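What follows is a short report on a single structure.
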Amino acid sequence: MIIAIDGPAGAGKSTVARCVAKELGFVYLDTGAMYRALTLKALDKNINLRDVESLVQMCKNTKLDISNNQDGSIKILLDGEDVSRRIRLPQVTQYVSDIAKIRGVRKEMLKLQRSIGLVNNSLVDGRDIGTVVFPNADRKFYIDAEFNQRVKRRFKELQEADSQITLKEVEFDLKNRDHIDSTRSCAPLRKADDALCIDTTNMTIAEVVKKILDEVR
Ligand code: DC
């Protein structure tokens, strides 16, 4: 079985996805983590982020291994190195949408995402899962929340790691990523026609998890 969860940044997707996958005993595939790992590699290697050809080449020469920790969180190895923490660095977040919009990069990731999803019962979250990666997914959800609520949630989450971060910075980042992710020509963020939309603005994580579990069961 494949369950697809899409939606914009800060809507609560990954927390919800992790909990639902754990509850169902499914593999949790966080596709955003894959784009983040590639962004980290490009930054580490000082590759010009406008040099599409080099970025696609880099992507072809990269080995990504994704697995789940005991608590259901994602463990990601980039060419053998555990980068699960570093992919959350603000600099990676700042540039990830620029890498993720490149068609050749997405093509490589699509192959990897499908190869993982097709051999496991999987819960896959991202931006284009229900529309492009698994258009025949058994269940599709689109998780959204009002912009201000998403900013608040993301701010709270980031503040734990970086006490210097400001609400304005988070607001700017979300607006920028929403724009790039939903206006790119290749696999933009969009609700699949057959996805169930859940507005989480006034819902707790537990309520969203329960709603999805009820639907799936
Ligand atoms: O879910 P996230 O914030 O970790 O995702 C990071 C970025 O990766 C996001 O801004 C857009 C991109 N992404 C994508 O383009 N397609 C996906 N399926 C998942 C993420």
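Taking each DSSP H run with n ≥ 4 as -39500 (n - 2.57) and averaging over every residue of the chain yields -15500 deg cm²/dmol at 222 nm. Among Val52, Val151, Val20, the largest mean-square fluctuation in a Gaussian network model of the chain (Cα springs under 10 Å) belongs to Val52. Across the chain, Cα pairs under 8 Å and at least six residues apart give a relative contact order of 34 percent.
Amide H to amide H, with H built 1.01 Å from N, Phe134 comes under 5 Å of no residue 5 or more places away or on another chain. Among Arg85, Arg103, Arg127, Arg154, the order by Cβ neighbours within 10 angstrom, fewest to most, reads Arg85, Arg103, Arg154, Arg127.
With 26 Å as the cut-off, how large is the P(r) tail for the chain, expressed as percent of Cα-Cα pairs? I get 31 percent for the Cα pairs in the chain exceeding 26 Å. Report the residues of the range 95-127 in range of a label on Thr166: point 7 Å along Cα→C-beta, backbone N strictly under 20 Å from it. Only 95 pass the distance filter.
Computed from backbone phi with θ = phi - 60° and the Karplus coefficients 6.51, -1.76 and 1.60, the 3J(HN,Hα) list for the range 180-195 is 5, 5, 9, 10, 5, 7, 9, 6, x, 5, 7, 6, 5, 4, 9, 8 Hz; x is used for glycine and proline. Lysine pairs in the range 104-217 whose alpha-carbon atoms fall under 20 angstrom of each other, counting only those eight or more residues apart or on distinct chains, come to 10.
Dividing the Cα radius of gyration of the range 72-120 by its Kirkwood radius returns 1.00 for Rg/Rh.
Every read-out reported here was derived from the displayed coordinates using simple, explicitly stated rules and does not represent laboratory data. Fair warning: this is a prediction, and the values are worked out from it, not measured in the lab. Reconstructed Cβ throughout: ideal geometry from the backbone, glycine too, with neighbour counts over all protein chains shown.
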